[in-house]
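Taken together, the values in this text are just the output of simple stated rules run on the coordinates, not laboratory data. For clarity, every value in this text was computed on a predicted model and none was experimentally measured. Note: ideal-geometry Cβ built from the backbone for every residue, glycine included; neighbour counts use all protein chains shown.
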Amino acid sequence: MAVRPSPDRHFKDDYPWWLVALVTIGIVLAVVIVANDIYAQVFRTVVNGVGVTVFVTLVAFVLATVLGLGICLLGMADSQVLRQIARFYIEIIRGIPILVLLFYVAFVGAPALVAAYNFLISPLVTSGMAEPILVRDLSLMWRAIIALTVGYSSFIAEIFRAGFQSVDLGQIEAAKALGLSRYRRFRSVVFPQAIRVIFPPLSNDFVSMVKDSSLVSVLGVADITQMGKVYAAGSFRFFETYSIVTYIYLILTIGLSLALRRTEKWMKSR
């Protein structure tokens, strides 16, 4: 006769002890920040970069989601040419490291874009109706946002594709038989089912972008990591500085992960 595990044992196995440990560590670090002047000074300096990190992440993720959806729809088009263009984009961008893409967009793409823009408006510049722009007019923060947008859009496009293809074709054919337009089929049949498949990996990409946003510090953008680098270089307090930087990133990523996980459970319960 099989022995069933007791409810108490099941509770102990499933209880998020890892979260308890992390919260405990977080509380200890918070007490240290309050009680220690050095840690408090580091925290006050580094926390100034949180706004930039959040802004870069949110804007880049929204743009990457829109671009990724567009690339996905392009890849599912009836035209073979459009499908091949989408596949070419996805394979090329996925093969480039985010850091390399940041440098390329910032120091190759941005100058090329500015040169192309100035060439197109050259008649207006000659007539005095417009002013040419310089590369420095395009801020490094926006170059970083563009790079993150392009880099993540290829992965998000594949997430959307997998979600849309998970919907049973029989339901789509039934919607066609009922005379629903393509837009109505997508809104009423495909999207409500696909979003349950799309949301988990999409939320993982969101958390990953919070971490990858730290790469914008290589361009001098004043995010959390850059503020920490500058402070550590001037004070030589590397342990204290990067401990605080790690602490802040953990608060952002773990808090976001827990919120997204609850959202995912809510979506599944509907």
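Pull out the extension gain between Gln171 and Ser257, defined as 0.36 nm times the separation in residues minus the alpha carbon to alpha carbon distance; nm, one decimal. Please report the intermediate quantities before stating the final value.
Values: separation 86, 0.36 × 86 = 30.96 nm, distance 3.28 nm.
Stretched fully, the Gln171-Ser257 segment lengthens by 27.7 nm.
Would you calculate, for the chain, the mean residue ellipticity at 222 nm contributed by helices, counting each DSSP H stretch of 4 or more residues as -39,500 (n - 2.57) and dividing by all residues, to the nearest 500?
Helices in the chain give a 222 nm mean residue ellipticity of -25000 deg cm²/dmol.
Just grab the label-to-label distance for Ile85 and Leu178, each label 7 Å out from Cα along the Cβ direction, in nm (one decimal).
Here the answer is 3.3 nm between the modelled labels.
Region 119-270: percent of C-alpha pairs farther apart than 20 Å? If you can, show how the numbers build up before the last one.
Details: 7869 of 11476 pairs.
Percentage above 20 Å: 69.
Ranking Met76, Met209 by Cβ neighbours within 10 Å, fewest first, what do you get?
Values: Met76 14, Met209 20.
Lowest to highest Cβ neighbour count: Met76, Met209.
Output wanted: per-residue J couplings in Hz (rounded whole) for region 132-142, from phi through Karplus 6.51 cos²θ - 1.76 cosθ + 1.60, θ = phi - 60°, x for Gly and Pro.
x, 10, 10, 4, 5, 5, 8, 5, 5, 5, 6
Which distance in nm do the two modelled labels at Lys268 and Ser127 give, with both placed 7 Å along the Cα-to-Cβ direction?
Rounded to a tenth, the inter-label distance reads 6.2 nm.
From the P(r) of region 29-147, could you give the percentage of C-alpha pairs in the tail past 26 Å? Walk me through the numbers on the way to the answer.
On the way: 3429 of 7021 pairs.
Of all Cα-Cα pairs in region 29-147, 49 percent lie more than 26 Å apart.
Normalise the Debye intensity by I(0) for the chain, one equal point scatterer per Cα, no solvent, then take log10 at q = 0.07, 0.14, 0.16 Å⁻¹ and round to two decimals.
-0.39, -1.11, -1.23
Using 0.36 nm times the number of residues separating Arg136 and Phe239, minus their current alpha carbon distance, what extension gain do you get? Kindly include the intermediate steps, with their values, before the conclusion.
Working: separation 103, 0.36 × 103 = 37.08 nm, distance 3.47 nm.
Stretched out fully, the Arg136 to Phe239 stretch lengthens by 33.6 nm.
For Val190, Val23, Val218, what's the fewest-to-most ordering of other Cβ within 10 Å of each Cβ? If you can, show how the numbers build up before the last one.
Values: Val190 19, Val23 12, Val218 16.
Starting with the residue having the fewest Cβ neighbours, the order is Val23, Val218, Val190.
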